[in-house]
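Down below is the structure, laid out as structure tokens.
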Amino acid sequence: MMDETGNTSDRTPDYALALSIALERRRTELTDRGQRWATEAVAALARLEETTTKCLENDYAAAAQLQIEMQRDLLDYMPDPTRLLYEGDTPELNPQEPERVRDDIVATTRFIEWLLFRKCGVPAEEIAGIFDWTSLSQQTVAYGHLLQVVENDAKSILKAKPMPERGKPSEQDRESGPPTHLRLV
């Protein structure tokens, strides 16, 4: 990638290659951890929707439903790290993304709790036991940690072995031809 002056940025294709290698090394673990986290996030949104349908009416239900739908859309469009290799030339990883999604779900929960308490007159004792996001939080921490490990792996690959920029073969590449997959691993 080039900046406005024509110089390559820190996130050159070298980073993309290192990230691809790091993602490939942990593909199975990422898939498993990501599915567990996504299952918890979808279940959380389903519980919010169920509560909204049962306990709220009219404009309050519509407002809460809109908020839940927005969260569901954000979750649907969140990039899947295991597919980054195939979706673009320069994959980018954001280890904080699962935490942001969880925080948005919790914020939606607080909004619904506020509607239940202030607008619908549901006693606070009943509201306190409706939502428990312990499992979602645990899965979020585990998944975010794994994404951070992958990012750190990519950075260590860059530090350990400098890779030539695309289009500029190194001395070794000019002598022996293009690198094979086995040489990258």
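The values are calculated or read from the model by the stated rules, or taken from the named source; none is laboratory data. Model, not experiment: these values are computed from the prediction. Reconstructed Cβ throughout: ideal geometry from the backbone, glycine too, with neighbour counts over all protein chains shown. Surface areas here come from the heavy atoms of the whole protein model, side chains and all, with no ligands, DNA or RNA. Shrake-Rupley method; radii C 1.70, N 1.55, O 1.52, S 1.80 Å.
Where the second residue is at pLDDT 85 or above and of a type in the set (A, V, I, L, M) and the first is open to solvent by 80 Å² or more (accessible area, probe 1.4 Å) and lies in the range 117-134, which pairs have Cβ atoms under 7 Å and are six or more apart or on separate chains?
Phe117/Ala124; Phe117/Ile127
Working only within the range 18-44, note down all residues that are open to solvent by 40 Å² or more (accessible area, probe 1.4 Å) and not basic (Lys, Arg).
Hits for the range 18-44 are Glu24, Thr28, Glu29, Thr31, Asp32, Gln35, Thr39, Glu40, Val42.
Quick check on Ala160: is it at pLDDT below 90, under 22 Å from Leu93 (Cα atoms) and open to solvent by 50 Å² or more (accessible area, probe 1.4 Å)?
So Ala160 passes the test.
Looking at the structure I just gave you, is Asp104 without any contact (Cβ under 8 Å) to a residue 24 or more places away in the chain and farther than 23 Å from Leu19 by Cβ?
no
Looking at the range 72-93, can you tell me whether even one residue there is among the polar types (S, T, N, Q), open to solvent by 20 Å² or more (accessible area, probe 1.4 Å) and part of a loop (DSSP other than H, G, I, E, B)?
Yes, there is a match, as at least one residue in the range 72-93 is among the polar types (S, T, N, Q), open to solvent by 20 Å² or more (accessible area, probe 1.4 Å) and part of a loop (DSSP other than H, G, I, E, B).
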